[in-house]
Amino acid sequence: MSDCLFCKIAAKEIPAAIVLETDRALAFRDVNPQAPTHVLVIPKEHHADAAALAGADDGLADDVLKAAHAVAVQEGVAEAGYRVVFNTGPAAGQTVFHVHAHVVGGRDLGWPPG
Ligand code: 5GP
Ligand code: ZN
């Protein structure tokens with residue numbers, strides 16, 4: 001999608017601090033981090049939200065989840081614990097409508113979230 005911020009990051013038209021890239025997924029640091037580790041993992045292919053990603057075929061959601069886990073390992077937060085969050089829809093606070101998993105860790109994370 002030509003007017004999608006994260007499609008532009010996936011296409012390297014807008015710079016981002018990329019931490020991991022696979023054939024179909026890209027992980028980059030959130031510009032406004034909420035924890036010492038705060039990385040966004042996206043499919044390079046545009047899907048608006050987690051519901052759309054769940055409907056994608058050929059294992060794309062699987063690739064995104066595996067990339068999220070690989071980021072947690074790479075960032076050194078996998079052992080202590082981390083959170084993978086898909087804000088889905090306006091009530092959940094989704095602001096960018098290209099699906100992204102937040103990988104958050106490096107501090108104690110409260111539950112339930114606010
Ligand atoms: P959402 O609220 O949709 O779940 O999360 C969107 C996230 O994207 C926010 O945490 C926000 O800080 C991040 N974000 C928005 N614009 C940019 C950008 O241009 N670059 C990067 N790296 N992150 C962004
Ligand atoms: Zn997009």
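Of the numbered criteria (1) more than 20 Å from residue 109 (Cβ to Cβ); (2) within 16 Å of ligand 1 (Cβ to nearest atom), the one residue 61 fails is (2). Taking each residue of the stretch 19-30 that is assigned to a strand (DSSP E or B) and looking for partners that are surrounded by 17 or more Cβ atoms within 10 Å (Cβ to Cβ) and among the aromatic types (Phe, Trp, Tyr) with beta-carbon atoms closer than 8 Å, six or more apart or interchain, yields 19/28. Considering only residues that are among the polar types (S, T, N, Q) and near ligand 1 (Cβ under 6 Å from one of its atoms), look in the stretch 87-107 and name the one that is nearest to residue 25 (Cα to Cα). Looking at the filtered set, the residue picked out is 87. Can you tell me which of 43, 36 is loosely packed, with under 15 Cβ neighbours inside 10 Å, of a type outside the set (A, V, I, L, M), in contact (Cβ under 8 Å) with a residue 12 or more places away in the chain and closer than 20 Å to residue 104 by Cβ? The match here is 36. Being on the phi < 0 side of the Ramachandran plot, hydrophobic (A, V, I, L, M, F, W, C) and in contact with a Cys (Cβ under 9 Å, 6 or more places away or on another chain) is a condition met by at least one residue of the stretch 91-98. Residues in the stretch 80-114 that are within 16 Å of ligand 2 (Cβ to nearest atom) and out of contact with any Asp or Glu (no Cβ under 8 Å at 6 or more places or on another chain) were compared, and the one that is nearest to residue 38 (Cα to Cα) is 101.
Within this structure, residue 67 fails the test of being farther than 19 Å from residue 20 by Cα, at pLDDT 95 or above and either out of contact with any strand residue (DSSP E or B) (no Cβ under 7 Å at 6 or more places or on another chain) or not acidic (Asp, Glu) (or both).
The values are calculated or read from the model by the stated rules, or taken from the named source; none is laboratory data. Here the structure is a predicted model, which means the values were calculated and not measured. Glycine also receives a Cβ, built like all others from the backbone with ideal geometry; neighbour counts cover every protein chain displayed.
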